[in-house]
Amino acid sequence: QVQLVESGGGLVQAGGSLRLSCAASGRPFSDSTMGWFRQAPGKERELITAISKSGSRTYYADSVKGRFTISRDNAKNTVNLQMNRLTPEDTAVYYCAAGFLDYPLSQPRGYDSWGQGTQVTVSS
């Protein structure tokens, strides 16, 4: 079991930027695929981006591709999400997730550990 703690959420104006961070502990960080999910009220939880164990491969949902960038630093046991050109549609609770199974990056079922979530609110 890995423990995940997100930080960096908050209120930002449309067009602005925000950077989320996720600190991992409890298991070797480099053994885990890392992803970010988000969930808005009344909506399904959505996998928006993921990164492979070594950082060599990434996945982005169409809704965030070109605006969001995922990165990881295995030496520091952290994964980050840089969010640019934010819109009100990005408003959601954002969750860091870890997966230790051999699933494709884009498969939500591959993630089995979750952080507590951090709220991102984008105003018009």
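Things worth noting here:
- Sparsely packed loop sites in region 37-119 (the GluC sites (Glu not before Pro) outside DSSP H, G, I, E and B with at most 14 other Cβ atoms within 10 Å) comprise E44.
- Here K53 is the anchor, and the lysines within straight C-alpha reach of less than 23 Å, apart from those fewer than 8 places off in the same chain, are K65, K76.
- For region 1-88, dividing the convex hull volume of the Cα atoms by the residue count gives 102 Å³ per residue.
- What you get for region 31-113, charging only the Cβ of Lys and Arg (+1) and of Asp and Glu (-1), is a dipole of about 180 debye around the Cα centre.
- Computing FRET efficiency as 1/(1 + (r/R0)^6) for Q13 and S106, where r is the C-beta to C-beta distance and R0 is 25 Å, gives about 0.25.
- Extension gain (nm, one decimal) between Q116 and S71, 0.36 nm per residue minus Cα-Cα: 14.2 nm
- Annotation: F29 carries an accessible surface of approximately 10 Å², with a 1.4 Å probe and no ligand, DNA or RNA atoms counted.
- Label zone at S25, where the point sits 7 Å out along the Cα-to-Cβ direction: region 32-73 residues whose backbone N lies under 19 Å: 32, 73
- Toward the positive end of the charge dipole of the chain, with +1 on the Cβ of Lys and Arg and -1 on the Cβ of Asp and Glu, the farthest Cα among W114, I70, L101 is that of I70.
The values are calculated or read from the model by the stated rules, or taken from the named source; none is laboratory data. Please read these numbers as outputs of a predicted model, since none were measured by experiment. Here Cβ is always computed from backbone atoms with ideal geometry, including for glycine, and neighbour counts include all displayed protein chains. For the accessible areas, the whole protein counts, side chains as well, though only heavy atoms, and no ligand, DNA or RNA atoms are used. Shrake-Rupley method; radii C 1.70, N 1.55, O 1.52, S 1.80 Å.
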